[in-house]
Amino acid sequence: MPSWQIILQPLFKMIRRLFSTLITDYPPVGEFLPAASTNPSQSAQNGSANSATTFRSPHLESLNWLHTISPCFPVSGDRIEVIYEPSAFYNTLVSKCAVAKRRIMLASLYLGIGSKESQLVNAIHDNMKQNLQLKVDVLLDFTRGTRGEKNSQTTLMPLLRESDNFRLSLYHTPVLRGLTKKLAPPRWNELLGIQHMKLYLVDDTVIISGANLSNDYFTNRQDRYVMIEDSKLADFYAEFLNKVQEFSLNVNRNGEACLHDSWNMLPYKSAQADFAGEARERIRNYFKGVLERQRSVCEEDKVSDTWIFPLIEMGQLGIHHDSLATKNLLSGCLKDSKLKLATGYFNLTETYMDTLTKDCQAECSILMAHPNANGFLGAKGPAGGIPAAYSLIARKFYEKLKQSGQDHRVSLFEYERPGWTYHAKGLWYYLPGSTLPNVTLIGSSNFGERSVNRDLEAQICVVTTNGGLQRKLQSEFENILQHSTTAEAELTARPVPRWVRAVVGLFRNFF
């Protein structure tokens with residue numbers, strides 16, 4: 001280790017130790033939902049003994065464990081559309097909101113303040129004026145949604161002041177408190193934990209995505225978007241978001257952030273363990289009730305060809321659900337299967353990297369952003385080093401694959417498209433003998449340290465035998481892959497600044 005690094009390492013450790021004393025996490029212990037077996041194939045064999053709910057097709061037997069960990073919503077694959085481009089996502093969202101009859105619910109990190117965002121807000125506003133029965137709920141992150149003099153909240157205040165049918169909720173992490181809340185400047189305070197879910201409901205339509213509500217995500221920032229027409233799934237997510245709104249701050253007509261009527265703990269003043277524990281129990285009880293109800297629905301269903309399993313992650317509240325399902329899916333990949341995994345920011349958890357290296361039997365392709373397609377490229381201050389940090393983490397993972405003799409099984413790709421940035425994440429899984437994906441994960445998680453331990457995340461696991469949907473999912477992956485090239489050689493040769501190498505291990509769970 002260079003002498004300068006030896007000198008600086010104690011300093012960086014001291015800074016992090018000081019920072020950690022201000023933001024210590026106290027997630028409650030315990031099981032969120034019944035956990036699948038650590039051996040998914042064994043779990044599948046035991047599934048019929050523990051529960052009557054299994055997939056009808058023997059081809060899907062290795063996935064039966066999904067029924068034990070999440071509510072299942074059987075649907076027709078013909079009711080699911082895959083959206084390929086940001087502009088189509090935007091146009092779909094605006095057109096749906098303009099004609100909504102009963103409800104609009106938008107959950108995102110933030111709402112931008114540009115012209116396209118204004119058009120979306122205006123479409124909702126005009127609809128509310130004409131349809132007095134329409135109810136609109138928006139859930140955003142507190143720190144990101146209030147950053148700057150003009151922000152998400154100020155953009156939405158006219159709707160809030162005009163109608164009792166409009167509600168704006170801002171999730172505030174219970175970790176941001178005390179001196180950290182007072183001293184941490186904007187942007188930096190977002191490092192501690194945010195509302196990162198991207199769920200967009202209009203009547204009985206659900207759009208699951210990783211895209212935020214801002215100009216880049218509507219024009220030239222590649223993401224994923226799946227639209228599902230199903231009333232039961234829409235009702236599930238509507239009630240789920242209502243639960244999250246209970247422990248979020250609600251903005252009143254004066255622009256003040258207040259407690260929900262059913263909640264009595266401020267996230268930054270009450271005991272952190274109490275806040276996290278109560279929020280966790282409300283979400284857990286809701287999920288358990290839906291899990292039991294949907295089990296009988298699945299048992300009676302004889303016609304559906306597609307099954308949707310909602311997954312969530314709220315690490316600071318002690319909810320580890322999506323990460324456990326993802327690990328099981330990775331470790332349960334069968335011999336001669338194929339796995340395509342994508343992440344906007346390559347910062348996979350050590351658990352995921354170990355699982356891909358040691359337990360996963362699939363032929364894997366991992367797609368990530370080239371530094372030129374990274375949204376942090378050119379950022380001011382330390383954030384400008386984030387693309388290089390992701391490259392360093394990817395390089396270390398590749399070296400780990402080579403040391404384990406697994407580099408022949410796992411290939412790395414980087415997305416680079418002139419004028420575009422990359423934010424797509426999820427996976428596509430092909431069972432042995434399948435030329436089209438049988439499973440996809442799509443949602444807000446980047447499979448990184450933040451996703452597991454800091455932010456609120458939502459994904460769905462879609463299992464399907466519908467040929468039309470499978471072809472759409474295959475086209476989706478090919479549409480992204482066409483702008484990608486193999487990454488191993490460039491990762492090995494790409495220079496990484498010394499200061500990035502010195503700090504990445506200390507701070508990787510913050511980005």
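Observations on the model:
- For region 84-150, the helices (runs of 4 or more DSSP H) that sit wholly inside it and include 2 or more residues that are modelled with pLDDT of 95 or more and over 26 Å from Val226 (Cβ atoms) are 115-130, 142-145.
- Residues in region 469-511 that are among the hydroxyl-bearing types (Ser, Thr, Tyr) and closer than 30 Å to His59 by Cα: Ser475 only.
- Restricting the first member to region 398-419 and to residues that are at positive phi and open to solvent by 40 Å² or more (accessible area, probe 1.4 Å), and the second to residues that are among the hydrophobic types (A, V, I, L, M, F, W, C) and in a loop (DSSP other than H, G, I, E, B), no beta-carbon pair is closer than 6 Å while six or more apart or on different chains.
- Selection status of Gln245, closer than 18 Å to His320 by Cα, in contact (Cβ under 8 Å) with a residue 24 or more places away in the chain and either crowded, with 18+ Cβ neighbours inside 10 Å or more than 25 Å from the chain's Cα centre (by Cα) (or both): no
- Residue match in region 315-335 (condition: buried (at least 17 other Cβ atoms within 10 Å of the Cβ) and without any contact (Cβ under 8 Å) to a residue 24 or more places away in the chain): no
- Filter pass, Arg144 being of a type in the set (Lys, Arg), farther than 26 Å from Trp420 by Cβ and touching a residue at least 40 places away in the same chain (Cβ under 8 Å): no
- Thr435 more than 21 Å from the chain's Cα centre (by Cα) and surrounded by fewer than 24 Cβ atoms within 10 Å (Cβ to Cβ): yes
- Odd one out for Val297, checked against (1) surrounded by fewer than 17 Cβ atoms within 10 Å (Cβ to Cβ); (2) under 29 Å from Thr421 (Cα atoms); (3) of a type in the set (A, V, I, L, M, F, W, C): (2)
- When we screen Leu160, Leu201, Leu179 for residues that are open to solvent by less than 20 Å² (accessible area, probe 1.4 Å) and over 28 Å from Gly426 (Cβ atoms), the only hit is Leu160.
- Restricting region 218-239 to residues that are more than 15 Å from the chain's Cα centre (by Cα) and aromatic (Phe, Trp, Tyr), the residue that is nearest to Ala424 (Cα to Cα) is Phe218.
- Test: residue in region 371-383 that is surrounded by 19 or more Cβ atoms within 10 Å (Cβ to Cβ) and in a helix (DSSP H, G or I): yes
- When Ala362 is tested against the conditions (1) of a type in the set (A, V, I, L, M, F, W, C); (2) in contact with a Ser or Thr (Cβ under 6 Å, 6 or more places away or on another chain); (3) open to solvent by 40 Å² or more (accessible area, probe 1.4 Å), the lone failure is (3).
- Qualifying residue in region 54-67 (condition: open to solvent by 10 Å² or more (accessible area, probe 1.4 Å), at pLDDT 90 or above, in a strand (DSSP E or B) and closer than 18 Å to Phe309 by Cβ): no
- Cβ pairs under 6 Å, 6+ apart, first in region 340-353 and open to solvent by less than 30 Å² (accessible area, probe 1.4 Å), second of a type in the set (Val, Ile, Thr): Leu341/Ile366; Phe346/Ile393; Asn347/Ile393; Thr349/Val452
- Test: residue in region 220-229 that is open to solvent by 10 Å² or more (accessible area, probe 1.4 Å) and at positive phi: no
- Residue match in region 248-264 (condition: hydroxyl-bearing (Ser, Thr, Tyr) and free of Cβ contacts under 8 Å to residues at least 40 places away in the same chain): yes
- If the condition is being assigned to a helix (DSSP H, G or I), touching a residue at least 60 places away in the same chain (Cβ under 8 Å) and more than 24 Å from the chain's Cα centre (by Cα), then region 469-505 contributes Glu488, Glu490, Leu491, Thr492, Arg498, Trp499, Val500, Arg501, Ala502, Val503.
- Some residue of region 453-468 being in contact with a helix residue (DSSP H, G or I) (Cβ under 9 Å, 6 or more places away or on another chain), in a helix (DSSP H, G or I), closer than 30 Å to His59 by Cα and open to solvent by 10 Å² or more (accessible area, probe 1.4 Å): yes
- Among the residues listed as Leu134, Leu160, the single one being free of Cβ contacts under 8 Å to residues at least 60 places away in the same chain and either over 19 Å from Gly114 (Cα atoms) or among the aliphatic types (A, V, I, L, M) (or both): Leu134
The values are calculated or read from the model by the stated rules, or taken from the named source; none is laboratory data. What you see is a predicted model, and the numbers here were worked out from it, not measured in a lab. Glycine gets a Cβ as well: all are built from the backbone with ideal geometry, and neighbour counts include every protein chain shown. Heavy atoms of the whole protein, side chains included, go into the accessibility calculation; ligands, DNA and RNA do not. Shrake-Rupley method; radii C 1.70, N 1.55, O 1.52, S 1.80 Å.
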